[in-house]
Every structure is written in structure tokens, then in C-alpha cells.
Amino acid sequence: MSYREFPDYFADAETSWPEADYVVYGIPYDRTGSFRSGTAEGPRYIRRAAWNNELYHIPTGLHMESFKIHDYGDLDVSNKDTPEEMVEKGYAFAKQVVSEGKIPILLGGEHNVPMGPVKAVAEAYPDLVVVQVDAHLDYRDEYDGSKYNHANALRRFVEAVGADDVAIIGVRSMEREERAAAERDGVLAHCHTSFDVRQLGIKAILDDIFARFGDRPVYLTIDIDGVDPAYAPGTGTPEPFGLTDWETLEIVKRCAPNLVGMDVVEVCPEYDNGQTAMLASKFVREALFWQLHAQKNGHKVPVVEAKAR
Ligand code: MN
Ligand code: MN
């Protein structure tokens, strides 16, 4: 595949750090991938895909020029870092971003990269809820000898915010033991499988979730494998019978008004023809546009005030 050369930052993220409301950053890490690897290349390809997007947004009538976005680049992590070291770097960085009243937007990397950032955002927002899109339940306590494997994502998020403050949508793969653990901890009730979505419709499921969450701040974590491999083939552990691109967009739209942190992870360019990275870049932009749309209609985003510097 050849592309025209573009800058190596997320398209239109040209605001300086001090002025920015949103900070895009990458964590190019895939040391624990359990099936096929390569998600460390995800941030680079998502950024590149973003340059294909035009600046005007049809459904809201808004324009990218309205946003103050800074792209920090990638954190200084590599697969030589242990998962613990990587998680600590992500935590420290996100802590800084939220302490300045900015919204962190993370490009992965595998699904352990948001473990530190979710913890940092939860500390800044005590009533935070986490909405996860995923094909997998990600509720093992340990995998391959680590608590910070990508198979443990939801388990760590539950530790950060509590079992009643998560919702996971699109699940269609789990082990019996992790299902039992999720049931024991009261998490399974907040798991909405892709079979549920098919049967009940995404709008009804989101109505249920947001009736429960109300107006609380939201962290949205999108494991791109939650989307069906027909739309998002470029991922490490593809699972058929997934969410459509439209259903996932509906999730992004519903989270956007109260979004205070976000990530898109598990994009694996080696297995992609570009559409997976494109979809990931779109989810970021859609979140921004729908957040601003809500603000223009009088909604107050529950973002914390910047601490005095
Ligand atoms: Mn996951
Ligand atoms: Mn997954």
C-alpha cells in the first residue's frame, strides 16, 4: 500500500499543549498480544488515516476548526517495557493531561494500554463510568502470568471504577471461568452481547445503560474487535457476528456529551486494507463533533477545572 506523505500527527491536531482542550497520544505497545501481533503500529496508521477526513461534519454542520487538539505523539514505551512499566507511564501521562482540565484521547496499542489512563481519569472524576466496546469479556484476573495482559482490560477497569459503573457492549467470546467471575462480581449484568444488540437493537441497550448512568462523566474504551471483522478486519483477535460500524457510531454518539477520556485500541495494520484504521480515526472525530454539538445545545461537559499551575 502506498500513501501520499502526510504529517505524522492526527489530522488537524495543531494546537499547542497549553491551549489544547483535547490531547491525542499513542501508546505503541503489543507485547502481550495473544493471537496475532502488530497493534503497536496502530497509532501511526490511525493518525495517517485521519488525513483522509474532510473538515466539515454533515450531521452536525460543525467544522474541525472549532477544536483545540494537541497531538503529543507517542509515549516513550516499547515492547522492552514490562506491562507494569507501560501501564505506569500511561497512568502518569494521563494524570498530567486531566490535571490540566484536558481530555485525553489514546490511540493503541493493545487493550492493556488504557489501564493506567483509566485509573488516572477515575481519580480525577470520582463518579466516572466506563463504557467498553469489545468482542471479548476481558475479565480474566491474570493471563500469561500478568495482570496487565490485554485479556484483563475490563477486570482492571472494574477495579478503577467499581462493578456497577461499567458497561460492555458487543461481547461474543468468553471463557466459562471468566463468565463465572463476572457473574460473581456483578459485572455480567452490565455485559451486552452482540446477540443482545441483534435482538433488542443498539438504541434500547444504550437507553438502558444511560438510564443507569445518568449524567455522569464517561470514559469510552473502544477495542476495535468489538466491530465486526467485515468492517474492522485489521485486529489481532477477530470475532465474527460483531457490531456494525453504524451501531458502534451510535455508542460513540451517546457517550460523547459527557466524554472525559477515550481510547481506540487493538488496530492491527498488518491485517488491514486501511478501513480499520479509518474507522478508528472516525470514531475519534465523531466523539468530538457530537460533544461540541451537545455543548452548542446548552449541555455542559463535566470536565474538571484545570488545577492551578
Ligand atoms: Mn479488549
Ligand atoms: Mn477484544
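Quick check: from the Cα gyration tensor, does the chain come out rounded (a/c under 1.5), prolate or oblate? Rounded, since a/c falls under 1.5. When each of the peptides 143-149, 272-278 is scored by the mean number of other C-beta atoms lying within 10 Å of its residues, the order from highest to lowest reads 272-278, 143-149. In a fully extended conformation the segment linking Glu142 and Asp215 would gain 23.0 nm over its present Cα-Cα distance, using 0.36 nm per residue.
Once all protein chains are placed together, Trp51 keeps about 60 Å² accessible to a 1.4 angstrom probe. Any idea of His111's accessible area? Nearest 10 Å², probe 1.4 Å. Rounded to the nearest 10, the figure is 0 Å².
With 18 Å as the limit, write out which pairs from Lys68/Lys102; Lys102/Lys203; Lys89/Lys147; Lys95/Lys147 have Cα-Cα distances beyond it, or answer none. Check vs 18 Å cut-off fails for Lys102/Lys203; Lys95/Lys147.
Protection proxy ranking for 18-26, 224-232, using the average of other Cβ atoms within 10 Å per residue and placing the highest first: 224-232, 18-26.
Using the Karplus relation 6.51 cos²θ - 1.76 cosθ + 1.60 with θ = phi - 60°, the per-residue 3J(HN,Hα) values for the stretch 57-70 come to 10, 4, x, 9, x, 9, 9, 4, 5, 6, 9, 9, 10, 10 Hz, with x marking Gly and Pro. Mean separation of Cα pairs under 8 Å and 6 or more residues apart, divided by the residue count, gives the stretch 155-227 a relative contact order of 33 percent. When only Cα pairs below 8 angstrom with a gap of at least 6 residues are kept, the chain shows a relative contact order of 22 percent.
Based on Cα contacts under 8 Å between residues 6+ apart, the stretch 95-149 shows a relative contact order of 33 percent. Against the criterion of solvent-accessible heavy-atom surface with a 1.4 angstrom probe, Arg198, Arg176, Arg140, Arg212 sort, most first, into Arg198, Arg176, Arg212, Arg140. Measuring r between the beta carbons of Gln275 and Asn79 and using R0 = 25 Å, the FRET efficiency lands at 0.45.
If a/c stays under 1.5 just call it rounded; otherwise compare a/b with b/c (prolate if a/b is bigger, oblate if not). Do that for the stretch 141-276, with a ≥ b ≥ c from the square roots of the Cα gyration tensor eigenvalues. Cα axes put the stretch 141-276 in the rounded bin. Basic side chains Lys and Arg get +1 at the Cβ, acidic Asp and Glu get -1 at the Cβ, and with that the dipole of the stretch 17-296 about its Cα centre reaches some 460 debye. For the pair Arg36 and Trp17, label points projected 7 Å from Cα toward Cβ lie 3.8 nm apart. Between Asn53 and Glu88, the distance separating the two model label sites (each 7 Å from Cα on the Cα→Cβ line) works out to 3.4 nm.
Compared with the alpha-carbon gap, the fully stretched path from Ala204 to Glu183 is longer by 5.3 nm at 0.36 nm per residue. Once the Cβ-Cβ distance of Phe195 and Thr244 is raised to the sixth power relative to R0 = 22 Å, the FRET efficiency obtained is 0.95.
The values are calculated or read from the model by the stated rules, or taken from the named source; none is laboratory data. These numbers were taken from a predicted model, which means no experiment stands behind them. Cβ: placed from backbone, ideal geometry, glycine included. Neighbour counts: every protein chain shown. Surface accessibility is based on the protein's heavy atoms, side chains included, excluding ligands, DNA and RNA. Shrake-Rupley method; radii C 1.70, N 1.55, O 1.52, S 1.80 Å.
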